[in-house]
1. K86 - would you say it is open to solvent by 40 Å² or more (accessible area, probe 1.4 Å), closer than 29 Å to S181 by Cα and within 10 Å of the chain's Cα centre (by Cα)?
2. Please go through segment 82-111 and pick out each residue that is in contact (Cβ under 8 Å) with a residue 12 or more places away in the chain and β-branched (V, I, T).
3. Could you identify the single residue in L108, L70, L81 that is open to solvent by less than 60 Å² (accessible area, probe 1.4 Å), closer than 19 Å to S121 by Cα and not polar (S, T, N, Q)?
4. Only residues that are within 22 Å of T116 (Cα to Cα), open to solvent by 20 Å² or more (accessible area, probe 1.4 Å) and modelled with pLDDT of 65 or more: list them for segment 153-199, please.
Amino acid sequence: MNKKLAAALSGGAVLVLALTGCGGSEDNKELDAWAKKVCDLVPAQNKKITAAYDAITKAAEDTESTPAELQKADSQAFQDLSDGYKARATVISNAGAPPGAEDGAKKLQEAVKQLTALSASYADMKTQVDGLDTKDQAKFATGLKDVSAEMKKVETQRQTALAALKDLESGDTKQALAEQSGCKAASTSPEASASATDS
């Protein structure tokens with residue numbers, strides 16, 4: 001049953017930053033400083049989020065695990081995902097709108113809103129998993145099915161958050177981010193390239 005949960009997560013490539021290319025942005029020290037603020041923290045966040053997705057997949061594939069072990073692994077992973085996306089929202093919020101970006105403040109607000117909502121949804125998923133009955137195999141399997149169905153809704157929400165991030169990180173902002181070492185590392189990681197530039 002837990003394999004359904006993993007299937008719902010596969011394709012859940014990590015939200016890092018929407019980087020598709022590098023290239024010389026014009027000399028804009030303010031924008032470069034903004035990009036550095038954001039990118040310096042990306043590798044650590046990306047690592048936490050990726051590890052959480054990996055943990056859920058690993059738990060799903062482990063046929064030897066007991067319901068209690070599966071519950072513990074999934075619960076921790078959902079907590080880490082919630083923390084990871086919350087941290088992403090905080091970093092972007094603290095950095096502020098990208099200097100010179102058209103509708104930057106509005107795009108920033110939308111990206112922070114979507115990432116915060118995604119974080120809350122993963123926190124809800126943790127609560128749902130924590131409430132599963134691990135002593136009754138049949139009830140546990142049914143509960144996992146419900147978690148898997150909920151996960152599909154969260155995946156749609158994740159795509160919305162990704163779209164908001166891409167909108168924020170477009171034009172000159174995208175170029176400035178692409179030149180920062182932290183974002184370069186994230187965009188070239190195997191996890192980040194799981195779906196094009198789903199960073």
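1. Values: open to solvent by 40 Å² or more (accessible area, probe 1.4 Å): yes; closer than 29 Å to S181 by Cα: yes; within 10 Å of the chain's Cα centre (by Cα): yes.
When the stated conditions are applied, K86 passes them.
2. Residues of segment 82-111 that are in contact (Cβ under 8 Å) with a residue 12 or more places away in the chain, as a first pass: 82-89, 91-96, 98-102, 104, 107-108, 110-111.
Answer for segment 82-111, where residues must be in contact (Cβ under 8 Å) with a residue 12 or more places away in the chain and β-branched (V, I, T): V91, I92.
3. On the way: L108 fails: closer than 19 Å to S121 by Cα; L70 fails: closer than 19 Å to S121 by Cα.
Sole residue among the options that is open to solvent by less than 60 Å² (accessible area, probe 1.4 Å), closer than 19 Å to S121 by Cα and not polar (S, T, N, Q): L81.
4. Correct list: K153, E155, T156, Q157, Q159, T160, A163, K166, D167, S170, K174.
Each row is one residue, and each column tells you yes or no for (1) on the phi > 0 side of the Ramachandran plot; (2) modelled with pLDDT of 95 or more; (3) assigned to a helix (DSSP H, G or I).
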{"residue": "Q79", "(1), (2), (3)": "no, yes, yes"}
{"residue": "S82", "(1), (2), (3)": "no, yes, yes"}
{"residue": "R88", "(1), (2), (3)": "no, no, yes"}
{"residue": "P99", "(1), (2), (3)": "no, no, no"}
{"residue": "K113", "(1), (2), (3)": "no, yes, yes"}
{"residue": "A117", "(1), (2), (3)": "no, yes, yes"}
{"residue": "T127", "(1), (2), (3)": "no, yes, yes"}
{"residue": "T134", "(1), (2), (3)": "no, no, no"}
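The values are calculated or read from the model by the stated rules, or taken from the named source; none is laboratory data. These numbers come from a predicted model, not from an experiment. Every residue, glycine as well, gets a Cβ built from its backbone with ideal geometry; the counts of neighbours run over all protein chains shown. For the accessible areas, the whole protein counts, side chains as well, though only heavy atoms, and no ligand, DNA or RNA atoms are used. Shrake-Rupley method; radii C 1.70, N 1.55, O 1.52, S 1.80 Å.
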